[in-house]
Amino acid sequence: MTKWKEVSAYTGQPVEEDAPSNFAGTGSGVDMNPTGKKKKNLLDARTKTYREHKAKLEAARIKRENARKSKFVEKVKESVNNFNRESFLEENNMNVLKDIVVRKSAKPLKFKDGTMQVDLTTASTITQIYNKVNIDNQKKLEKMVNGTKGQFQAMVSKVMKMVSK
């Protein structure tokens with residue numbers, strides 16, 4: 001049987017093996033570093049490379065946040081939440097309040113100066129008061145419910161005071 005020697009292609013001299021050919025990885029205990037010491041890269045906040053790296057990280061973070069907060073996406077979400085077929089119909093807000101009580105879920109009310117989300121408790125209180133008052137006061141309540149946001153909020157505060165007594 002012939003014994004072969006590994007020879008360098010550049011010098012023609014025999015090559016001494018630095019590490020065994022059956023190197024099993026870092027868990028084997030064989031050190032591949034020729035100095036015998038493991039090199040540690042310390043992270044120092046005083047260095048220029050650290051400040052550059054920090055600036056890159058902050059720029060990437062800002063870019064991700066801006067990508068999440070797209071104005072177009074926010075407008076689409078808002079329009080989808082407010083979309084309903086009733087928006088094309090002129091409707092009495094008292095009927096919407098009664099529907100909120102029946103369905104037990106909040107809904108937007110349309111006023112002359114915009115829309116406002118109304119919860120079940122407020123709708124239930126207003127409809128109970130509406131059913132207990134006389135016809136003249138019912139008309140006044142309807143006028144306030146179908147008016148502006150300010151009129152509606154004033155009416156809600158008065159109704160809540162009446163109920164709390």
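Check whether at least one residue in the stretch 144-156 is more than 13 Å from residue 94 (Cβ to Cβ), in contact with a helix residue (DSSP H, G or I) (Cβ under 7 Å, 6 or more places away or on another chain) and of a type in the set (Val, Ile, Thr), and report yes or no.
The answer is yes, given that some residue of the stretch 144-156 is more than 13 Å from residue 94 (Cβ to Cβ), in contact with a helix residue (DSSP H, G or I) (Cβ under 7 Å, 6 or more places away or on another chain) and of a type in the set (Val, Ile, Thr).
Quick grid of which residues meet (1) in the same structural domain as residue 96 (by TED's automatic domain parsing); (2) in contact with an Asp or Glu (Cβ under 8 Å, 6 or more places away or on another chain); (3) more than 19 Å from residue 113 (Cβ to Cβ); (4) basic (Lys, Arg):
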| residue | (1), (2), (3), (4) |
| --- | --- |
| 125 | yes, no, yes, no |
| 128 | yes, no, yes, no |
| 132 | yes, no, yes, yes |
| 138 | yes, no, yes, no |
| 145 | yes, no, no, no |
| 149 | yes, yes, no, yes |
| 160 | yes, no, yes, no |
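Are there any pairs, at least 6 apart or on different chains, whose C-beta atoms fall under 6 Å, with the first in the stretch 91-107 and under 10 Å from residue 142 (Cβ atoms) and the second not in a helix (DSSP H, G or I), and if so, which?
Between residues of the stretch 91-107 that are under 10 Å from residue 142 (Cβ atoms) and residues that are not in a helix (DSSP H, G or I), the close pairs are 93/109; 93/146.
Go through the stretch 92-135 and give me each residue that's under 29 Å from the mean Cα position of the chain (by Cα), of a type in the set (Val, Ile, Thr) and either farther than 17 Å from residue 147 by Cα or assigned to a helix (DSSP H, G or I) (or both).
Result: 100, 121, 122.
The values are calculated or read from the model by the stated rules, or taken from the named source; none is laboratory data. Computed from a predicted structure; not experimentally measured. Note that each Cβ is placed from the backbone with ideal geometry, even for glycine, and that neighbours are counted across all protein chains shown.
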